[in-house]
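Some notes on the structure that comes next.
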Amino acid sequence: MTHNPPAREMELMALKALSYADDHMSDSFEMKDVADHLGISYSYFYHSFTTVIGEPYWQYVKRHRLEVSAGLLRHSAYNISEIGDRTGYATVAAYTKAFTQLFGKSPRNFRKIDTLPNEQRTLETINHIVQAFDKKGTLITPLFSFERTETDHLPDSTLFYTLLSRGQDPVAQMIMKMNREEQRMREIISNNYLVNAKVITSTLDSVPVTEYERMSMYAGILIPNKDITPALEHTMAAEKLMIKRMPGGHYITLPVPTDFATAGIPMYEFMDRNIKQGVFKMSGTHFFISILSPNSCVIYIPHFKQLI
């Protein structure tokens, strides 16, 4: 008798495959490697991923890598060769060809665009959603000044996370699910005495590039690698949390007395404005919001160095 797995099992498998692609951004791998990692057949993996996510796996991998590379073109100081290498392309020629096919512009010309095609729509959409959820109407934009920032250095860490959205209205889904997931994350931290862990939220995608409906918002626990034990890894697997390696390094931090959702729009505007003005450059697309309490959070932006 043929075994037909429940929809939730298929979805979790697809999300783990998506997570694998994100965590192996610069690595060379084949679909068979991912199927083996998941413990399923190649054929089942191929068809199930397409059914759940809505596009073939390798199409997703290519699109995701190129969109992340576009975010690096936008906000980092890496040259085109370095960006191609960081997103899995062996040569500049291969990277340039693939990038131009997807975006209709070469990486060099893309870097000159002032406002990206998906950028304005994404920010306006998120702003409307946040306003619908925000009953206070708090004006926090003045808090987003570079003079209020501090710096921090984080060690090499691992993010154990769950995706809060795939598909329609990702930010709305994140807002509705966050309280439950944050409580779960804090219980895991307390039960495992993870004194150095942070509850964080962000997206796997490149905000100014990825189409809004395709953005993957997450909630997770960021833990220094030195604090991770085999027992903890077993606990995280039992919680069905996915894994993302987060490189250590320097971060610009900005504490804001507001909830994570309200901080989202001015956070992006803050990053984009200061990068365009040459105040700093990002060292990756893995910025995130650390949630301290319902009305307090800290924004973390990975950076090379301060230029002023």
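A short reminder: the numbers here are calculations on the coordinates, not readings from a lab. Bear in mind that the values here come from a model prediction, so they are computed numbers and not experimental data. Positions of Cβ are backbone-derived with ideal geometry, glycine not excepted, and every protein chain shown enters the neighbour counts.
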>> Net charge around Arg184, counting only other residues with Cβ within less than 13 Å of its Cβ (Lys, Arg = +1; Asp, Glu = -1)?
In response: 0
> Cβ under 10 Å from Tyr300's Cβ, Tyr300 left aside: what net charge do those residues give with Lys, Arg +1 and Asp, Glu -1?
Replying inline: 0
> Straight-line reach from Lys16: which aspartates and glutamates have Cα under 17 Å away, leaving out those fewer than 8 places along the same chain?
Replying inline: Asp27, Glu30, Asp33, Asp36, Glu55, Asp205, Glu233, Glu239
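What net charge is computed for the residues neighbouring Lys244, neighbours being all others with C-beta under 11 Å from the C-beta of Lys244, Lys and Arg scored +1, Asp and Glu -1?
Neighbourhood net charge equals -1.
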> What ranking do His286, His234, His24 get, fewest neighbouring Cβ atoms within 10 angstrom at the top?
Replying inline: His234, His24, His286
>> Suppose each label sits 7 Å from its Cα in the direction of the beta carbon; what would the His128-Glu211 distance come out to in nanometres?
In response: 1.7 nm
>> Between Arg180, Arg63, Arg245, where does the largest GNM mean-square fluctuation fall for the chain, given springs only between Cα atoms within less than 10 Å?
In response: Arg180
> Tell me, in nm to one decimal, what length is gained between Gln183 and Gln101 on full extension, where the rule is 0.36 nm per residue of separation less the Cα-Cα distance?
Replying inline: 25.2 nm
> What spacing in nm lies between the two simple spin-label points modelled at Thr51 and Asn225, each 7 Å away from Cα in the Cβ direction?
Replying inline: 3.8 nm
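As a footprinting exposure proxy, order Tyr89, Tyr268 by other Cβ within 10 Å, with the fewest listed first.
Working: Tyr89 21, Tyr268 18.
Neighbour counts put them in this order, fewest first: Tyr268, Tyr89.
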> If r is the Cβ-Cβ distance from Met176 to Arg121 and R0 is 22 Å, what FRET efficiency results, to the nearest 0.05?
Replying inline: 0.55
> Between Tyr44 and Arg245, what length comes free when the chain is fully extended (0.36 nm per residue of separation minus the Cα-Cα distance, one decimal in nm)?
Replying inline: 69.7 nm
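Using the scaling law 2.2 N^0.38 Å as the reference, what is the normalised Cα Rg of the range 22-77?
Details: Rg = 13.1 Å, N = 56, 2.2 N^0.38 = 10.2 Å.
Compactness ratio reported: 1.29.
Within a 10 angstrom radius of the beta carbon, how do Lys198, Lys112, Lys177, Lys244 rank from fewest other beta carbons to most? Let's see the in-between values first.
On the way: Lys198 22, Lys112 8, Lys177 16, Lys244 19.
Listed from fewest to most nearby Cβ atoms, that is Lys112, Lys177, Lys244, Lys198.
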